[in-house]
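*Asks:* My questions all concern the structure below.
Bear in mind that the values in this text are calculations on the coordinates, not laboratory data. What you are looking at is a predicted structure, and each value in this text was computed from that prediction instead of being measured. Glycine gets a Cβ as well: all are built from the backbone with ideal geometry, and neighbour counts include every protein chain shown.
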Amino acid sequence: MKPVYTYLTPGPSALFPSVATHLQNALEAQVPSISHRGVAFQDIYQEADQHLRALLGLPANYRVLFCASANEIWERLLQNCVAHTSAHLVNGAFSRRFYQFALWLQKTPYLNEVAEGQGFEISQMPPFPADVELLALTQNETSTGVAMPEADLHALARQYPDALTVVDMVSSAPYPALDYGLVDSAYFSVQKLLGFRLV
Ligand SMILES: *Cc1c(COP(=O)(O)O)cnc(C)c1O
């Protein structure tokens, strides 16, 4: 048997054991050849949507969007949901890159930065100005391994009720127990924990 490599890093990670069989089954059923507008594809899409809703406990009025990567999602969130100001809690490479995207897209983002390896004392954080449109929180800053407790994410969402609270759970989904009464959007990538093989 071939060795299985497990990396507790941003990636790459070994594929989940059933992936090879899924791919084989999909080829045998000619899934890659069916029309993306046909009923067969609609059924596949609907099944993925329903399973994700059940797994994450999404409210009925939330939508599931499939995008290319979290990098794309940062860009889409800023382009579609922010006219001027996003606010970023930065404590490592991934949270900093979301902030960088806001600068690249000519927004005027607010920044609260602590040293790499540190978390946030949210009760002592100076507040962001009231015109914040989007609050960017990173549940698990993969570059340092610092995680933000769900209670802190929710407290911040409550503190900025007029801002959209978006949570990066790229390397921790589906485990954070997010309250979607407070969190407006959350995103993850399949090449991180969700597709991870722990042996
Ligand atoms: C890997 C990672 C990203 C970027 O994900 P991609 O899907 O590769 O764009 C964003 N945030 C965190 C916390 C990550 O670990």
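*Asks:* I need Met148, Met169, Met125 ordered by Cβ neighbour count within 10 Å, fewest first.
*Replies:* Met125, Met148, Met169
*Asks:* Here is a follow-up. Would you please give the residues with an amide H less than 5 Å from that of Ala186, counting only those at least 5 places away or on a separate chain, with H modeled from the backbone geometry?
*Replies:* The list, which skips near neighbours in sequence, is Val167.
*Asks:* Rank Gly117, Ser95, Tyr45 by how far each Cα sits towards the positive end of the charge dipole of the chain (+1 on Lys, Arg Cβ; -1 on Asp, Glu Cβ) and give me just the farthest.
*Replies:* In the chain, that residue is Tyr45.
*Asks:* Let me ask something else about it. Counting DSSP beta bridges with both partners in segment 70-187, what percentage is antiparallel, nearest 5?
*Replies:* Percentage antiparallel, nearest 5: 10.
*Asks:* Oh, and also: Calculate the dipole size of segment 22-88 relative to its Cα centre from +1 charges on Lys and Arg beta carbons and -1 charges on Asp and Glu beta carbons; express the result in debye to the nearest 20.
*Replies:* Values: 4 positive and 6 negative charges, 42 e Å.
Around 200 debye, computed over segment 22-88.
*Asks:* Next question. Let's see if you can work this out: charge +1 on each Lys and Arg Cβ, -1 on each Asp and Glu Cβ, no other charges. What is the dipole magnitude of the chain about its Cα centre, in debye to the nearest 20?
*Replies:* That gives the chain a dipole magnitude of about 500 debye.
*Asks:* For the chain, what is the calculated [θ] at 222 nm in deg cm²/dmol (nearest 500), taking -39500 (n - 2.57) for each run of four or more DSSP H residues and dividing by its residue count?
*Replies:* -10000 deg cm²/dmol
*Asks:* OK, next. Once you charge only the Cβ atoms, +1 for Lys and Arg and -1 for Asp and Glu, what is the size of the charge dipole of segment 70-187 about its Cα centre, to the nearest 20 debye?
*Replies:* Roughly 200 debye for segment 70-187.
*Asks:* Further, regarding this structure: Taking amide hydrogens as modeled 1.01 Å from N in the peptide plane, which residues meet the under 5 Å criterion relative to Leu135, leaving out close sequence neighbours?
*Replies:* Ala87, Leu164, Thr165, Val166
*Asks:* Label the chain by shape, choosing from rounded, prolate and oblate, from the square roots a ≥ b ≥ c of the eigenvalues of the Cα gyration tensor; if a/c is under 1.5 it is rounded, and otherwise prolate applies when a/b is larger than b/c, oblate when it is not.
*Replies:* It comes out prolate by the Cα gyration axes.
*Asks:* Please give the length that would be gained between Leu55 and Ala40 if that part of the chain were fully extended, namely 0.36 nm times their separation in residues minus their C-alpha to C-alpha distance (nm, one decimal).
*Replies:* That works out to 3.1 nm of additional length.
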